[in-house]
Amino acid sequence: AQDIKANGQHCPMFVRKNGQHGYELISGFRRLQALNKLKATTGLVRVYKDLSVHDAYRLAVSENVQRNDLTPLEKAMICLKLKTEGMNKPDIAKLVFPNLNDPDGRTVANYLTIATADERIRDTLSKGRIGFSQALALADALKSKKGETFFKEHPKALDEVLGLCAKEDLSVRQVKEYLDALFEGNGDSADKPEGHGRRSRSPNQPIVWKDSKRGGWSLRVNFNPGRLREDKEALDELEKGLAEALEKVREWKKNKGDDEKD
C-alpha cells in the first residue's frame with residue numbers, strides 16, 4: 001500500500017469475465033487489498049474475456065512464479081493440482097520452475113512427494129521450522145518399507161523427529177543418519193549417540209566469531225528462519241554481529257595503506 005501510494009500501481013491485477021456475476025480475480029490479491037486500504041476507487045486491471053478455469057489457474061501460477069511469491073509448500077500443492085488435471089511432469093516443470101532445465105520432471109517428482117507427505121511434515125515446513133530438503137528426506141523415509149513399518153508401530157516418533165530436526169537444525173545427511181539409527185534401534189531414540197547426526201550447536205548462536213593466529217578472524221552465520229522467528233535476542237545478536245563485521249572490514253580498508261603485506 002505504501003509503495004502504491006508513493007509510486008502508483010505499475011503491475012495490473014488479472015481478472016476474467018465470470019458470466020453474469022461480474023469478474024473473478026485471477027492474480028493480484030495483495031494489490032487489491034492495498035488499493036482497498038488506500039480507499040482507491042480505480043485500479044489497473046487486465047481483463048481476460050474468454051478464459052477457462054484451468055487456464056485461469058495456470059495464468060495465476062505463472063504470474064506468481066515470475067513474482068517469486070510462492071513458498072515451497074505452495075509450489076508442491078500446485079504441482080499436485082496440475083498433475084490431477086492431467087499435466088505431465090516435464091510440462092509442470094516448465095510452468096512452475098521455468099528457470100530449471102528439468103526435462104524428466106525430477107524436481108516436480110520431489111515436490112509431489114512433499115504434497116502427499118504426512119500433514120505434520122507439511123505443517124512443519126510451512127512454518128519454516130525445517131527446510132524443503134529435510135522435509136523431503138523425512139517424506140521419502142516414510143514411503144520406504146522400513147519407514148512405513150517403523151512409524152506405524154511408533155506413531156509418536158515422527159513428532160519427535162520433526163522436533164529434533166527443527167531444534168538442532170539437522171542437515172539432510174544428518175536426518176538420514178538419524179532415521180537409519182532409529183530404524184535399526186527399534187524406536188529407542190533416547191539412547192542415540194551424538195554421532196548419529198545430532199548437532200550440539202546451541203540454538204542461540206546465530207553468529208560465531210573465531211580469531212586467527214595470524215591476526216585475522218572468521219565469521220560463521222547460522223541463519224535459521226524458524227528459530228530466529230521464535231528468538232528475538234538471537235535475531236538482534238545476528239544483526240549486531242553482521243554490523244560489527246562490516247565495521248571491521250571498513251576499518252581495515254581505511255587503515256591498511258599501501259603496504260600490500262598488511
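Of the listed requirements (1) open to solvent by 50 Å² or more (accessible area, probe 1.4 Å); (2) closer than 30 Å to Leu125 by Cβ; (3) hydrophobic (A, V, I, L, M, F, W, C); (4) assigned to a helix (DSSP H, G or I), Leu25 misses just one: (4). Inclusion of Ala243 among residues that are at pLDDT 65 or above and over 28 Å from Ser126 (Cα atoms) is warranted.
Name the single residue that is most open to solvent (accessible area, probe 1.4 Å) among those in region 28-72 being within 30 Å of Thr107 (Cα to Cα), in contact with a Pro (Cβ under 9 Å, 6 or more places away or on another chain) and not polar (S, T, N, Q). Don't jump to the end; show me each part of the working.
Restricting attention to region 28-72, the residues satisfying the condition of being within 30 Å of Thr107 (Cα to Cα) are 28-30, 51-72.
Now drop any that are not in contact with a Pro (Cβ under 9 Å, 6 or more places away or on another chain), which leaves 28, 62, 65-66.
Filter once more, so that each one left must be not polar (S, T, N, Q): 28, 65.
Working: Gly28: 8, Val65: 25 Å².
The extreme case among them is Val65.
The set of residues in region 73-95 that are open to solvent by 40 Å² or more (accessible area, probe 1.4 Å), on the phi < 0 side of the Ramachandran plot and in a loop (DSSP other than H, G, I, E, B) comprises Glu85, Asn88. Screening Gly163 with (1) part of a helix (DSSP H, G or I); (2) open to solvent by less than 70 Å² (accessible area, probe 1.4 Å); (3) over 22 Å from Lys89 (Cα atoms); (4) in contact (Cβ under 8 Å) with a residue 12 or more places away in the chain gives one miss only, at (4).
Quick one: is Gly8 open to solvent by less than 90 Å² (accessible area, probe 1.4 Å) and touching a Pro at 6+ places or on another chain (Cβ under 9 Å)? The answer is no for Gly8. Taking region 10-21 as the range and being closer than 18 Å to Ala60 by Cβ and either over 28 Å from the mean Cα position of the chain (by Cα) or at pLDDT below 85 (or both) as the test, the residues that pass are Val15, Arg16, Lys17, Asn18. Among the conditions (1) in a helix (DSSP H, G or I); (2) surrounded by 14 or more Cβ atoms within 10 Å (Cβ to Cβ); (3) at pLDDT below 90, Arg173 misses just one, which is (2).
Filtering region 96-112 to residues that are part of a helix (DSSP H, G or I) and within 23 Å of Cys11 (Cβ to Cβ) leaves only Val96.
The values are calculated or read from the model by the stated rules, or taken from the named source; none is laboratory data. The structure displayed is predicted, hence computed values, not measured ones. Cβ: placed from backbone, ideal geometry, glycine included. Neighbour counts: every protein chain shown. When the accessible area is computed, the model is the full protein with side chains, heavy atoms only, and any ligands, DNA or RNA have been set aside. Shrake-Rupley method; radii C 1.70, N 1.55, O 1.52, S 1.80 Å.
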